[in-house]
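**Student:** The structure's right below; bear with me while I get my questions together.
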Amino acid sequence: MFHAWPEVRLVDTDTAEGRPAQDARSVAVARRLERISPAYRAGYSRAADGSASPRAAIKSFCLECVCYIRKEITACTAVACPLWLYRPYQDAAEDEAGE
Ligand code: SF4
């Protein structure tokens, strides 16, 4: 049996007043950006604003998934992850080259 996902609404959890969803998203993106190593902020920003390629957005997501330890993407064992076949750094040489 198929179960639909519940509707998810973006809300700013710091205010009791509702804000437009886009404003809440901007706040959430800015907060997340603060927690990212400076070396990876540009990639995240491009992914978050829609200017990154799908490949670059996947790279940003995978990096976040493994706490920015690129070797962990190469070694990723989550074979059921929908991004597994698309993940960057599948070749250890690619990781070492820092591509
Ligand atoms: S492929 Fe691996 S590293 Fe990338 S998002 Fe999925 S589980 Fe995380």
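Each value in this text was obtained by applying a stated rule to the coordinates, not by laboratory testing. Here the structure is a predicted model, which is why all the values come from computation and not from measurement. Please note: Cβ atoms are built from the backbone with ideal geometry, for glycine as well, and neighbour counts cover all protein chains shown.
**Student:** Taking the simple approach of a point 7 Å from Cα along Cα-to-Cβ for both A42 and Y68, what is their distance in nm?
**Tutor:** According to this spin-label approximation, the distance is 1.5 nm.
**Student:** Please state the relative contact order of the stretch 21-96 as a whole percent: Cα pairs under 8 Å, 6+ residues apart?
**Tutor:** It rounds to 21 percent for the stretch 21-96.
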